[in-house]
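The values are calculated or read from the model by the stated rules, or taken from the named source; none is laboratory data. Owing to the predicted nature of the structure, the values given are computational and were not obtained by experimental measurement. Backbone-built Cβ (ideal geometry, glycine too); neighbour counts: all protein chains shown. What goes into the accessible areas is simple: the full protein's heavy atoms, side chains included, and nothing from ligands, DNA or RNA. Shrake-Rupley method; radii C 1.70, N 1.55, O 1.52, S 1.80 Å.
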Amino acid sequence: MSPVLSWRPRLPRHLTRTVPEGEALAAVQTALADAAFPTVCREACCPNRTDCWARGTLAFQILGAVCTRRCAFCAENPGAPARWTPRSPRISFARFKNCL
């Protein structure tokens, strides 16, 4: 055990996990590197995003980078979202499709 962490007891095996890795995680990270659309994963600074990305999934926001909820644990900007139009989902999907 390193001397820096010697003061802290080791966590039980059921509370530890490995950092996800793999092709799916790398593919999502690469696709999002230059993405012009907001994702819940990034905007909220989700601590579990690598778990989802390793499975090849993510959550993106149709109405922009603002959330109407004010969850205490979330880093997302609260406020009024962009105005919704019937074309909003199509526009978001087109942005997402272009980054793949």
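Worth a mention:
- Residue count, the range 39-65 (criterion: in contact with a Leu (Cβ under 9 Å, 6 or more places away or on another chain) and not in a helix (DSSP H, G or I)): 4
- Residue in the range 32-41 that is open to solvent by 80 Å² or more (accessible area, probe 1.4 Å) and of a type in the set (Gly, Ala, Ser) present: yes
- Only one entry in ALA75, ALA82, ALA59, ALA54 is in contact with a helix residue (DSSP H, G or I) (Cβ under 7 Å, 6 or more places away or on another chain), open to solvent by 40 Å² or more (accessible area, probe 1.4 Å) and of a type in the set (Gly, Ala, Ser), namely ALA59.
- Residue count for the range 66-100 satisfying the condition of being assigned to a loop (DSSP other than H, G, I, E, B) and touching a Lys or Arg at 6+ places or on another chain (Cβ under 9 Å): 1.
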